[in-house]
Amino acid sequence: MFLPVIKVVKETKVKSNYDNEVKNIMTTKPSISSMMNSLIPISRFNRGEANKIFSEVNADGDKIVLKNNTPICVLLNPPYYEAIIDALEDYALFFEAENRTAGAETGYISSEKVLTGLGITEADLEDVEVEI
């Protein structure tokens with residue numbers, strides 16, 4: 001079973017301001033008690049405790065739903081989810097940059113050489129408007 005390694009640090013800020021909460025994520029080793037507290041049997045949903053479970057997810061960051069003692073679902077609060085997605089995007093960009101620099105065996109070409117090869121001068125670029 002996958003054990004979560006990232007936990008959200010709770011703050012007393014406005015819940016809609018996820019950017020500040022995402023910045024407060026710390027890497028910690030999960031304890032056995034925190035793992036046990038994050039497990040939820042699916043029968044709790046059948047007993048009408050969904051609102052209580054969602055409140056716990058919002059407070060704790062994550063819960064693992066079990067059916068027949070097997071994980072079937074992981075519930076995450078929005079800041080925790082956004083932090084995971086941001087980390088995945090950062091890793092993807094890192095590996096893309098690594099692949100590009102590894103492929104540059106002959107070295108890099110200066111911007112002056114590129115412009116000269118394309119027949120573009122610095123004066124040509126001064127009048128160009130670029131939207132970013």
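Put simply, of Ala123, Ala102, Ala83, Ala59 the only residue that is out of contact with any helix residue (DSSP H, G or I) (no Cβ under 7 Å at 6 or more places or on another chain), modelled with pLDDT under 90 and either aromatic (Phe, Trp, Tyr) or closer than 30 Å to Ser34 by Cα (or both) is Ala59. Residue check: Tyr108 meets all listed conditions (1) surrounded by 10 or more Cβ atoms within 10 Å (Cβ to Cβ); (2) in a loop (DSSP other than H, G, I, E, B); (3) not β-branched (Val, Ile, Thr) but one, namely (1). Pull up region 57-67, narrow it to residues that are touching a Leu at 6+ places or on another chain (Cβ under 9 Å) and within 17 Å of Ser31 (Cβ to Cβ), then point me to the one that is surrounded by the fewest Cβ atoms within 10 Å (Cβ to Cβ). Result: Ile64.
Here Tyr91 meets the list (1) part of a helix (DSSP H, G or I); (2) surrounded by 14 or more Cβ atoms within 10 Å (Cβ to Cβ); (3) modelled with pLDDT of 90 or more almost entirely, failing just condition (2).
Looking at Asn58, is it on the phi > 0 side of the Ramachandran plot and of a type outside the set (Gly, Ala, Ser)?
Taking the combined requirement at face value, the residue does not satisfy it.
The values are calculated or read from the model by the stated rules, or taken from the named source; none is laboratory data. Only a predicted model underlies this, so the values are computations on that prediction, with no experimental measurement involved. Neighbour counts are summed over all protein chains in view; Cβ atoms, including those assigned to glycine, are modelled from backbone coordinates with ideal geometry.
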